[in-house]
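The values are calculated or read from the model by the stated rules, or taken from the named source; none is laboratory data. Because the structure is a prediction, the values reported are computed rather than measured. Cβ atoms come from the backbone with ideal geometry, glycine included; neighbour counts cover every protein chain shown.
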Amino acid sequence: MELITMHTHSTFCGHAYSTLDEMVQAASEAGITALAATEHYPLSPAFKEYSFASMPSARLAEYADAVRSIRKRYPRMQILLGCELDWLGDWEDRGITPESFAEYDIVLGSVHFIDGWLFNSSRCKERWSDIDPDDIWEHYVDLWCEAATSPMPYTVMAHPDVIKKFGYYPDRAKLRNMYDRMAQAAASGGRMIEVNTSGKFTPCGEYYPTLDLLKRFHDAGVRCTVGTDAHRAEHIARDIREAYAFMREAGYTEVAVPLVGGGVRMMPIE
């Protein structure tokens, strides 16, 4: 079965460790046939303190050119030009429109910020000890559902329950309702989601999303792809095969594979 990863980062963003060349070379050596370069789209100037969390605006054109150039050197691999675009909610002031992303083959939708707080960063982890998990999860799910049903050109909603990264969870009864809301929002917005394998290697110790949430997405008819969210070349193919098995456990029989130029092909899970 082909190996794909629709979520990767390189040194074009401020917190990855391998260059784009190193990432693609590692993917080629691992037998990956489709890869999306998805650097973090520049944040609002209001988030200056988190400049490490995204790509500088000055590098956008350079980045796009680099992805197009590297495609020519790896003709047997489908390499998508993409980005990961944060939903900032009421903090949005970048003046962006769906047309701003016309050149991208894939746009990942993400929620990393709640009221200006980068909640999934180890640099900001201490705040978790002073908050009520029920409240912060409710706020996160509100933002996630807004993003999933927004006019933004999101192809895939990335790491749906990344809010669990540090192992803080709300009341389980409330969690079930939150999962239903997320599945309904993704279906209503026509979004795909991903199994993001990086979560297994964080304090929560499991993929994003958890199996119960992934089953809700499946039952709601939401298509699913796979991303390793690799920030190092050695992680480029980490747990892709395991992710396929995880999808099958949730009821999926096919993996969605976004294409260069738009569109999606469905790949049977063998």
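Select from the stretch 146-177 the residues that are in a helix (DSSP H, G or I) and either surrounded by fewer than 21 Cβ atoms within 10 Å (Cβ to Cβ) or at pLDDT below 95 (or both) and list them in ascending order. Listed by number, the residues that qualify are Glu146, Arg172, Ala173, Lys174, Leu175, Arg176, Asn177.
Candidates are the residues of the stretch 1-13 that are in contact with a Phe, Trp or Tyr (Cβ under 8 Å, 6 or more places away or on another chain) and surrounded by 16 or more Cβ atoms within 10 Å (Cβ to Cβ); the one that is nearest to Leu60 (Cα to Cα) is Phe12.
Does at least one position in the stretch 52-75 carry a residue that is in a strand (DSSP E or B) and either of a type in the set (A, V, I, L, M) or at negative phi (or both)?
Within the stretch 52-75 (the criterion being in a strand (DSSP E or B) and either of a type in the set (A, V, I, L, M) or at negative phi (or both)), the answer is no, since none of the residues qualifies.
Restricting attention to the stretch 194-209, the residues that are without any contact (Cβ under 8 Å) to a residue 60 or more places away in the chain, buried (at least 24 other Cβ atoms within 10 Å of the Cβ) and not in a helix (DSSP H, G or I) add up to 4. Looking at this structure, is Asp115 surrounded by fewer than 12 Cβ atoms within 10 Å (Cβ to Cβ), touching a Phe, Trp or Tyr at 6+ places or on another chain (Cβ under 9 Å), farther than 22 Å from Arg223 by Cα and not hydrophobic (A, V, I, L, M, F, W, C)? So Asp115 passes the test.
Taking residues in the stretch 116-129 that are more than 16 Å from Val141 (Cα to Cα), and partners anywhere that are of a type in the set (A, V, I, L, M), the pairs with Cβ atoms closer than 8 Å and at least 6 places apart or on different chains are Ser121/Ala53; Cys124/Leu118.
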